[in-house]
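Below is one structure, written out as structure tokens; comments come after it.
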Amino acid sequence: MRLLSLALVLLFSSFSSAADVDMTNPNQVIHSVSSQTLDRISAEKARLDKEPKYVQVIVEEELIPYFDYKYAAFLVMGNSIKETTKEQRDEFVDAFKTSLVNTYGHILFEYDNHKLNIIDNPNFADKNIVSIDVQITDDKNNVTKLVFKLRKNKKTNEWKVYDVIAEGISMLSTKQSELGELIRKNGIDNVIELLKEKNKELAS
């Protein structure tokens, strides 16, 4: 799970502003993300050394706008979503988003000299879901194979990432196993409170 989370941060911590990214092309989304990684981390290093919690701001600004966390959260709820109210769904999505910010923020500091090889997927024009392979090589030439899954919003035609698979481990499937089962057993309100408590721990 640590490898999966690190892979996400390495890629998403480099997002430039939405105006600079062609969100209608999933390949461009991934390329735009990766091209700014070293520059962003380097530019913020002095402030991060003095203000470690500022990393949460970076993740909120650079990751969240390009991650379809609401869609992912709904998939985590699964069939249990039918038994929830709009207020419960909104509260769960918000807690889920905050958990992403806190989790990725805590491991962002582990980034160091990773190189990305993005393998474009040209067959996306008539699809709503695509996968893009990425290889991450560290300074010891260890290679991590990733598959980023993106979903196209039918209204905006924008592509956003909703899942990443690192060495066969799916972030989404992991969250579905961890949280989905708890929702079925204990109810959505219980899981929301658990997420909130965990978020407080990670933010401290």
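The values are calculated or read from the model by the stated rules, or taken from the named source; none is laboratory data. Here the structure is a predicted model, which is why all the values come from computation and not from measurement. Virtual Cβ from ideal backbone geometry, glycine too; neighbours counted across all protein chains shown.
Of note, I169 does not satisfy the criterion of being β-branched (V, I, T) and either without any contact (Cβ under 8 Å) to a residue 40 or more places away in the chain or crowded, with 19+ Cβ neighbours inside 10 Å (or both).
Please enumerate the residues belonging to segment 154-197 that are over 20 Å from A95 (Cβ atoms) and either β-branched (V, I, T) or part of a helix (DSSP H, G or I) (or both).
T156, V164, I165, I169
The condition of being among the hydrophobic types (A, V, I, L, M, F, W, C) and at pLDDT 95 or above holds for only one of I165, I192, that being I192.
Only one of the listed residues (F109, F15, F67) is at pLDDT 85 or above and not basic (K, R). That residue is F67. The condition of being over 13 Å from the mean Cα position of the chain (by Cα), aromatic (F, W, Y), modelled with pLDDT of 95 or more and within 24 Å of N27 (Cβ to Cβ) holds for only one of F92, F124, that being F124.
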